[in-house]
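Contents: one structure, followed by commentary.
The values are calculated or read from the model by the stated rules, or taken from the named source; none is laboratory data. All values reported here derive from a predicted model rather than from experimental measurement. All Cβ positions, even for glycine, are placed from backbone atoms using ideal geometry, and neighbour counts span all protein chains on display. In case anyone asks, the SASA skips ligands and DNA or RNA and just uses the protein heavy atoms, side chains included. Shrake-Rupley method; radii C 1.70, N 1.55, O 1.52, S 1.80 Å.
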Amino acid sequence: MVPVVDNLGMRAADRHTIEELGLPSLVLMEQAAAAVNAAVEERCESTDLVVVLCGRGNNGGDGLAMARQRHASGGLVEAVLVADPGELSQDAAVQWELAGRFGVPRRVLTEEGLPALEELLTKAAVVVDALYGTGLDRALSGLPAQVVELINTVEGEVVAVDIPSGLSGNSGVLLGPAVEADLTVTFGALKWVHVLSPAALCCGDVVVADIGIPQAAVEKVASGFVLEDQDVADFLPHRAPDAHKGHFGHLLLVAGRRGRAGAAALAAKAGVRGGAGLVTVATAVDAVSPIQAQVPEAMVDPLPTGEDGSVSGEGIEESLGKATAVAVGPGLGLGEGPRRLLSRILELWSGPLVLDADALTLLAGQLEKLKGRTAPTVLTPHPGELARLLGVTSAQVQEDRPAWARKAAELCGGTVVLKGFHTLVAEAEGPLWINPTGSPGLASGGAGDVLTGLIGSFLAQGLPAKQAAALGVFLHGRAAELAGKRFPGAVPASVVARMIPRAEAELRELVW
Ligand SMILES: NC(=O)C1=CN([C@@H]2O[C@H](COP(=O)(O)OP(=O)(O)OC[C@H]3O[C@@H](n4cnc5c(N)ncnc54)[C@H](OP(=O)(O)O)[C@@H]3O)[C@@H](O)[C@H]2O)[C@@H](O)CC1
Ligand SMILES: [K+]
């Protein structure tokens, strides 16, 4: 897993390395500069001009050191200081002085110098953005903001040092003008800005450079971890050569109504493909035949049905009796019947549970109803559903996805899967997990139903909640990526479901 830290965490790891372990900050800066220089050298020849824009803090110091390194090795470079040399941080002041002594071409930018800078930038093969890093805590304005606007018009490649200037390391929010980089070279660990949208989209490719901060120090302060292939491969349920279907559990999907059999069928398909030994769908009468026709592997239990075509709320006992995990929600409906049925399930079912879609809407504002559950409980909201659960707006959720996912997990005591760009898996305690797989093709009807079936399938096979959720979101996203080769736009959810075994096969190659 790849650690993700916030600004405070990074500062703590820096401070530990410098003050307690005694590695001088200038050594860290030299290493940071070398990593940026190496990335720049990969992108241009030494005869190509590199313009390095430097701010007044240590981010600027990294840039000045990088410019000096490039100049010393014979590369063409010019450093532009977007600050008063008298107000530089201690280490940046050292670098400014060194740049002078090494003869690095350098200038101090003032308002009047903007047209000349614009001219200079047109000649640059690479522009290095070393204006602000983890020290930025508010929107840029004035001269730095104008420089950022200029950077965003250049033809050359833009390499950001640590964080594209204008963004906060802690969040995915666009505070104001921000550099749109092709590459970001960050140090020691990923910051939240690199994984949360929309800010992450300004980072381009992200490289984490080792500059000498011990990995253990970083992991101690990490508030999230990005899942890697090997992590989730290790979660895959073992399939012994002598296994039979009884070893892989029985997933009960409570889903579907008249006109919404498709949602239940998609979840059931994913349940089957996720490896559950048996899958039963308990559904309204009119949905029975379509589900059976689409998913012959699944059993279907008809439930008493109301005039509106959705379940009336009774008769779930027998279906629950055979389940090892239950998933409730896709296409279920929001009327009195579904509401009664959900209450009944919460009352009777004490085993592993997934709640999605309509089940989440029915639970709006009542997350604490789940608090007493001791078995794995996974909620899979999209931002709108999470907002309803918490009584806030989707915009608020999107502004701080980690915090709201965590809040919901605290309120319900379960595992919250907040869907979207880089889906998050949150529990009340412990670091968040961030899923790197997925594609815009997943933004299509039914994709969520597939995920519900998949996570339910892993719960039925006995995985702990956080692992089932992580494995589910990872495979689901990877399946969509694979399908994207043939479906460059929206990927139909049934195709996502079909690709699950291919995604799983990739992971199984990592298991031995
Ligand atoms: N620590 C280490 O060991 C290592 C650190 N490294 C590098 O240091 C970087 C962090 O450096 P940093 O802390 O000096 O902050 P930095 O981002 O350069 O900002 C400078 C100052 O700008 C100011 N400011 C804030 N917002 C503003 C705004 N909107 N508009 C205008 N001004 C604004 C604010 O001062 P304020 O005005 O609030 O007093 C702030 O202090 C880090 O990203 C990495 O690149 C590496 O060398 C590896 C080792
Ligand atoms: K920067």
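For this structure, a couple of remarks:
- Count - residues of segment 423-475 that are out of contact with any Asp or Glu (no Cβ under 6 Å at 6 or more places or on another chain), in a loop (DSSP other than H, G, I, E, B) and over 21 Å from D234 (Cα atoms): 5
- Test for H16: is it surrounded by 20 or more Cβ atoms within 10 Å (Cβ to Cβ) and more than 16 Å from ligand 2 (Cβ to nearest atom): no
- Test result for A67, under 21 Å from K191 (Cα atoms) and either surrounded by fewer than 15 Cβ atoms within 10 Å (Cβ to Cβ) or in contact with a Cys (Cβ under 9 Å, 6 or more places away or on another chain) (or both): no
- Selection count where residues are over 21 Å from the mean Cα position of the chain (by Cα), open to solvent by less than 60 Å² (accessible area, probe 1.4 Å) and touching a residue at least 12 places away in the same chain (Cβ under 8 Å), scope segment 228-248: 3
- Residue within segment 45-55 that is within 16 Å of ligand 2 (Cβ to nearest atom), closer than 22 Å to V179 by Cβ and open to solvent by 10 Å² or more (accessible area, probe 1.4 Å) present: no
- Among the candidates V77, V108, V94, V127, residue that is open to solvent by less than 10 Å² (accessible area, probe 1.4 Å), in contact with a helix residue (DSSP H, G or I) (Cβ under 7 Å, 6 or more places away or on another chain), of a type in the set (V, I, T) and more than 16 Å from ligand 2 (Cβ to nearest atom): V77
- Unmet requirement for G86, which otherwise passes all of (1) of a type outside the set (D, E); (2) away from ligand 2 (no atom under 16 Å from the Cβ); (3) open to solvent by less than 50 Å² (accessible area, probe 1.4 Å): (3)
- The set of residues from segment 264-280 being open to solvent by 20 Å² or more (accessible area, probe 1.4 Å) and not in a loop (DSSP other than H, G, I, E, B) comprises L266, K269, V272, R273, L278.
- Selection status of K220, in contact with a helix residue (DSSP H, G or I) (Cβ under 8 Å, 6 or more places away or on another chain), away from ligand 2 (no atom under 16 Å from the Cβ), in contact (Cβ under 8 Å) with a residue 60 or more places away in the chain and basic (K, R): yes
- Matching entry among A268, A276 (being farther than 19 Å from G333 by Cβ and touching a residue at least 12 places away in the same chain (Cβ under 8 Å)): A276
- Subset of segment 2-47 (residues that are within 18 Å of Q69 (Cα to Cα) and touching a Lys or Arg at 6+ places or on another chain (Cβ under 9 Å)): A33, N37, V40, E41, S46
- Hey, F187 more than 16 Å from ligand 2 (Cβ to nearest atom), modelled with pLDDT of 95 or more and aromatic (F, W, Y) or not: no
- Selection count where residues are open to solvent by 20 Å² or more (accessible area, probe 1.4 Å) and not charged (D, E, K, R), scope segment 249-263: 2
- Of the residues making up segment 85-94, one or more are farther than 26 Å from G172 by Cβ, assigned by TED's automatic domain parsing to the domain that holds S165 and either outside any helix (DSSP H, G or I) or away from ligand 1 (no atom under 15 Å from the Cβ) (or both).
Rundown of residues vs (1) surrounded by 18 or more Cβ atoms within 10 Å (Cβ to Cβ); (2) more than 23 Å from the chain's Cα centre (by Cα), yes/no style:
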{"site": "E118", "(1), (2)": "no, yes"}
{"site": "L131", "(1), (2)": "yes, yes"}
{"site": "D162", "(1), (2)": "yes, no"}
{"site": "G166", "(1), (2)": "yes, no"}
{"site": "A181", "(1), (2)": "yes, no"}
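- Restricting A480, A490, A443 to those that are in the same structural domain as A233 (by TED's automatic domain parsing) and either touching a strand residue (DSSP E or B) at 6+ places or on another chain (Cβ under 7 Å) or surrounded by 24 or more Cβ atoms within 10 Å (Cβ to Cβ) (or both) reduces the list to A480.
- Complete set of residues in segment 323-382 that are among the polar types (S, T, N, Q), assigned to a loop (DSSP other than H, G, I, E, B) and more than 28 Å from the chain's Cα centre (by Cα): T324, S350
- Which listed residue is open to solvent by 20 Å² or more (accessible area, probe 1.4 Å) and assigned by TED's automatic domain parsing to the domain that holds F487, from V397, V425, V392, V417: V392
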